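The structure under discussion appears below in the form of structure tokens.
The values are calculated or read from the model by the stated rules, or taken from the named source; none is laboratory data. Since the model is a prediction, treat every value here as computed from it, not as a measurement. All Cβ positions, glycine included, derive from the backbone under ideal geometry; neighbour counts span all protein chains shown.
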Amino acid sequence: MNNIFSNTKEAFSLKTNFELLRAQFLFKIIQNRTLVKVSTFLTNFALKFYLPVTPIIKMTVFNHFCGGVSELDCNPVIKKMYEKKVSSVLDFSTEAFNSEVEFDNCYDKKISIIEFIKHRPEIPFAVFKPTCLGSVDLFKKKTKGEDLNYEENLLWIKVVERFEGVCQKAHDNDIKILIDAEEVFVQKAIDDLALLMMLKFNRKKSIIFNTVQMYRWDRLEYLNNLLKDKSNKDVIFGFKLVRGAYMEKERLIAKSLNIKSPICSSKKETDINFNSGLDFIFKNLERISLVCASHNEDSVIKVMDFIKKRNIKFSDDKIWFGQLYGMSDNITFNLANMGYNSFKILPFGPVRNLMPYLIRRAEENTSVEGQTGRELQLIINEKNRRAIEKS
Ligand SMILES: Cc1cc2nc3c(=O)[nH]c(=O)nc-3n(C[C@H](O)[C@H](O)[C@H](O)COP(=O)(O)OP(=O)(O)OC[C@H]3O[C@@H](n4cnc5c(N)ncnc54)[C@H](O)[C@@H]3O)c2cc1C
């Protein structure tokens, strides 16, 4: 497709020839479902038995999709991207934490990251995954509306305190904060906490952004109810709109429980639902700020068209675009070049902790028709362009 996002010179201006070659190699592997399955199995096996595979992972998939092991490691990438007007959102890897000590450590880490990014316009958002601050089982029980026993109640109070502590810190430092969305079995508890935080911190502007997964067929109703509810009338909402990352898992869970899947029945339906979500937000923009978190060119173009039609300043803080580091550079860098607010989510942390994230990226790209093909084609176009330029 030849459009405003086909400018590969701009898209890959920060990638060396070696990095392009590595990206081509990675996306070729990712394209192959069997290879992804085999490499995932082998990597998990090697990590479990402490075989020395970390340097290989680091040199390949890790360096392509992640900023480094520490926040300081990320600084060179952050600086280079900001020279191209692309902002960064530092995302410390926090998957599979399950003890109170880990939740406390994670809380401390989130607070220290906000300290690290304050007064840095190149890092306009913080981000966290809710279940890094408390046990999945508690989130599940709250989502189901089950009563908690005395001990669980005390633990839940700690979860709320951690949640509020991170949001308060972001608010006090005037940093917007994205709350990630997770599986349906924990999401209602997350939504309730996110609303509580918005009621407290989003009075003057959107500081707290909850994530809305539009692959869920019930999300339009969720958005509608939030805005209709009179007790939310003073809230300026923040929503990060995504399609959703847990499709296959959600379908398996629904099947095993013999219940209706919470996910739209086809990609087309998800796309229609995502567009309806955008339309709803556009209609209510005086009460909502939007992060359009998508690698889908049509979705991004829809938001750009709206911005132009409404004569909104491209750099208006109310609308942001976000993509993941290592993917869809053609969208992020071309958007930034045209003056739109755009950022990359830049994951960082120990290689071992980032493996679930990396595996999700691989599986997602394998299961999403067209995405890997598009990435590969763009990389090849840029390699050809450089070859012609050189000759
Ligand atoms: C900045 C950023 C932040 C993100 N944060 C989160 C988050 O907090 N939580 C989260 O869950 N995800 C998150 N994601 C991932 C996101 O939900 C998508 O998985 C990913 O972006 C791919 O969707 P897309 O809109 O980019 O592109 P597309 O390639 O157009 O869409 C692919 C998506 O469509 C949906 N889909 C594909 N096939 C079908 C089908 N057969 N039936 C129904 N639906 C289908 C799936 O959601 C799939 O991921 C984030 C993504 C970005 C870029």
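Results, tabulated for the structure shown:
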| item | result |
| --- | --- |
| Among (1) loosely packed, with under 15 Cβ neighbours inside 10 Å; (2) within 13 Å of the ligand (Cβ to nearest atom) - the single one residue 216 does not satisfy | (1) |
| Residue match in the range 182-204 (condition: among the acidic types (Asp, Glu) and within 25 Å of residue 231 (Cα to Cα)) | yes |
| Only one of 232, 284, 224, 275 that is touching a residue at least 12 places away in the same chain (Cβ under 8 Å), within 14 Å of the ligand (Cβ to nearest atom), more than 24 Å from residue 131 (Cβ to Cβ) and not acidic (Asp, Glu) | 275 |
| Subset of the range 188-221 (residues that are assigned to a helix (DSSP H, G or I) and over 30 Å from residue 362 (Cβ atoms)) | 192, 193, 195, 196, 197, 198, 199, 200, 201, 220, 221 |
| The range 247-272, residues that are in contact with a helix residue (DSSP H, G or I) (Cβ under 8 Å, 6 or more places away or on another chain), outside any strand (DSSP E or B) and within 11 Å of the ligand (Cβ to nearest atom) | 247, 248, 250, 261, 262, 264, 271 |
| Residue 102 vs. criteria of a type outside the set (A, V, I, L, M, F, W, C) and at pLDDT 95 or above | no |
| Residue 333 being surrounded by 21 or more Cβ atoms within 10 Å (Cβ to Cβ), of a type in the set (Phe, Trp, Tyr) and in contact with a helix residue (DSSP H, G or I) (Cβ under 7 Å, 6 or more places away or on another chain) | yes |
| Pair list, Cβ < 7 Å and 6+ apart or interchain, from the range 8-25 residues that are farther than 12 Å from residue 378 by Cα to residues that are of a type in the set (Phe, Trp, Tyr) | 13/333 |
| Options 348, 321; residue that is away from the ligand (no atom under 11 Å from the Cβ) and among the aromatic types (Phe, Trp, Tyr) | 348 |
| Residues of the range 317-334 satisfying the condition of being among the small types (Gly, Ala, Ser) and within 15 Å of residue 375 (Cβ to Cβ) | 326, 328 |
| Qualifying positions in the range 108-166 - assigned to a helix (DSSP H, G or I) and among the basic types (Lys, Arg) | 109, 110, 140, 141, 142, 144, 158, 162 |
| Of residues in the range 238-254 being of a type in the set (Lys, Arg) and touching a residue at least 60 places away in the same chain (Cβ under 8 Å), the one farthest from residue 182 (Cα to Cα) | 240 |
| For residue 234: the one exception among (1) part of a helix (DSSP H, G or I); (2) farther than 23 Å from residue 124 by Cβ | (1) |
| Residue selected from the range 250-292 under the condition of a type in the set (Phe, Trp, Tyr) and over 20 Å from the mean Cα position of the chain (by Cα), by the criterion nearest to residue 321 (Cα to Cα) | 282 |
| Candidate set from the range 287-318 (those that are assigned to a helix (DSSP H, G or I) and more than 16 Å from the ligand (Cβ to nearest atom)); member that is farthest from residue 329 (Cα to Cα) | 287 |
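Here's the yes/no breakdown for (1) in a helix (DSSP H, G or I); (2) surrounded by 15 or more Cβ atoms within 10 Å (Cβ to Cβ); (3) on the phi > 0 side of the Ramachandran plot:
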{"residue": "5", "(1), (2), (3)": "no, yes, no"}
{"residue": "23", "(1), (2), (3)": "yes, yes, no"}
{"residue": "28", "(1), (2), (3)": "yes, no, no"}
{"residue": "39", "(1), (2), (3)": "yes, yes, no"}
{"residue": "52", "(1), (2), (3)": "no, no, no"}
{"residue": "57", "(1), (2), (3)": "yes, yes, no"}
{"residue": "82", "(1), (2), (3)": "yes, yes, no"}
{"residue": "97", "(1), (2), (3)": "no, yes, no"}
{"residue": "104", "(1), (2), (3)": "yes, no, no"}
